[in-house]
1. Take the alpha carbon gyration tensor of segment 192-395, find the square roots of its eigenvalues, order them as a ≥ b ≥ c, and report rounded if a/c is under 1.5; if not, report prolate when a/b exceeds b/c, else oblate.
2. Provide Rg and Dmax in Å for segment 492-679, with only Cα atoms included in the calculation.
3. Tell me whether segment 1-160 comes out rounded, prolate or oblate; compute the Cα gyration tensor, take square roots of the eigenvalues as a ≥ b ≥ c, and use a/c under 1.5 as the rounded threshold.
4. Could you calculate the contour length gain from residue 400 to residue 536, that is, 0.36 nm times the residue separation minus the distance between their Cα atoms, to one decimal place in nm?
5. Where the centroid of each part is defined by its Cα atoms, how far is segment 607-646 from segment 356-399 in Å?
6. Return the equivalent ellipsoid semi-axes of the chain as a descending list in whole Å, where each equals the square root of 5 times an eigenvalue of the C-alpha gyration tensor.
7. Would you kindly state how much longer the chain becomes between residue 450 and residue 183 on full extension, computed as 0.36 nm times their sequence separation minus their alpha carbon distance, in nm to one decimal?
8. Which order results if 737, 43, 409 are arranged by neighbouring Cβ count within 10 Å, fewest first?
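No lab work stands behind these numbers, since they all come straight from the coordinates. Given the structure is predicted, the values throughout are model-derived calculations rather than measurements. Here the Cβ positions follow ideal geometry from the backbone for every residue, glycine too, while neighbour counts run over all protein chains shown.
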């Protein structure tokens, strides 16, 4: 929204802040400004000129005009194409060298063989109105005299910052803020004593006070409809409103000044009195914009005794509009429910300057102020206009006056973060026109003015904002809260999960996040029973009907999505499985799991070994044991349980080819909650070895389907207490080994804590292992 700097200066006596300074002050203390810009600065150069001679130019639609531009410019010859250019007319002259809007520079030029010096201007060319069919016709000005229109500056305020401030949708409301900010007197343009007394000349009935709390109106006669004075047109044009006629322009002026939308009806086109009602089903109206609208029964309309004549708060009707022949008018100044106006505006897909203001909860008390201001303006723009009858003011019975807000100054200091003197607080609130009393020292009773009581200021916290913005937030010292702080207790679960994430990220895994929901189709595809899953009573989507009891379906979907673009990738997710409680009435159990995937488009079983090594890193001592019952999504020959302290803590497997169309995907599924519980065991200190160790390799011949974990356990059992470490080295099958056998090689490290083992000791240990393995049914390659 644009605010006129000149208009604000008229309403704030002695305002001397520059447009730039005022823009900054408004931004800091009231509402965010986008900036300011000069409006029509060329008006300082424009002056009145009298056309003395007009000659047609052969072969051209233009004419050659000789004008008297006053003592400064003298006589000028100007080529003009306006149809109303004639001798005797006083119009606006733009001298050569003047730059107009859009960077258009007026220069001396030869047009149709005639040298033209300057320009005779239409209203839209110099920013006074939007008329372009002819040059301006000025009355009462002598040649060379200024037009009486002072160049302006427009301060652009972000509309979103005014949403909660209906009073700021008019210049007087913003001037009230500027007055408080600059400590300058505020001038009220409204004289309520102009309102007539006695019975009104028209009847008004409100059928729904919730949608229309107040409807005020006046009737005027002896109305003359014509163009507005130039100052009024220029003022409206500056703030983006289109000058139309003197009567309509007055209603728009009042709206722009005190934020009260108004509307004028041609009284002779009405059938009886005015009724404010809901629209009838199927009712239609042709609006001022020449468009026909279908009205809904929820919309509020202004009607006479035959039909709707306006859509309340949005737009007037064509049939009752002011025209050149209008001599009697009904001037409406009403208040409408903001929600009703917003819904109607959205339904009609029509947003107007009036509807934008009514949507913000306008002050019902403002209807009378609007009429009083209009009386003064109408007498100026339509000489001879007369009021008929008294004021019509129909309103909902007055509600109970709200209690004053009690504001403790000690509480205020704590809220703001600095001490504010009582006199300063009272001064700020009174400058903003709040009522203030101090019945007890240190406690204020604050009465909210009507224009701030419409869903804006209602509690003491709102008053804190008013005082805070006026003293300036920069005046509040930036101190840390004076509250005792302590380190929160360590969260072992969070620490564990972060460590797991860091470890997997370091190994090249990318973390994924999946929704905690599945549907029956997915559950059944993975061979699971939907009845074992927690059903969602109000699912947000048809494919999210159950809470997940496994991370596997989600990770399988991740594999499908990524396999279309990548040949190799590693993914992991740390999330909760949600399982039904065994006891009725108990909440479902949430168990944290890690699900990691190694996918290769072309490859062998290396992904399984990578994940096995990852599991051993996460939980030293974990063992891999064959699984007797693979799930439908697991490869039957590539699946194992992960066991720690004789408890199954997870699963290591490859997806069945039916679940991964191309490539091989190895999966590690670990119960992190159980893993943490089992890993909480005492660790005894072991001193560093003082004596060197020795290593040797053994290759065990075993059946092709023998598990390397079983072979490793046999080796450990025969090695005895001198075994320090055992490491799998390689596995080989083929020539010269017999069919059905494989060679599994291990590196064993042995040592003693009190001495260096001799070669005889090492040979003895090695032979003991070989003999023990042979007794267990294994042969060795030695």
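1. It comes out rounded by the Cα gyration axes.
2. Rg then Dmax for segment 492-679, in Å: 16.2, 50.
3. prolate
4. Stretched out fully, the residue 400 to residue 536 stretch lengthens by 44.2 nm.
5. Between the Cα centres of segment 607-646 and segment 356-399 lies a distance of 84 Å.
6. 88, 34, 30
7. 93.9 nm
8. With the fewest neighbours first, 737, 43, 409 line up as 737, 409, 43.
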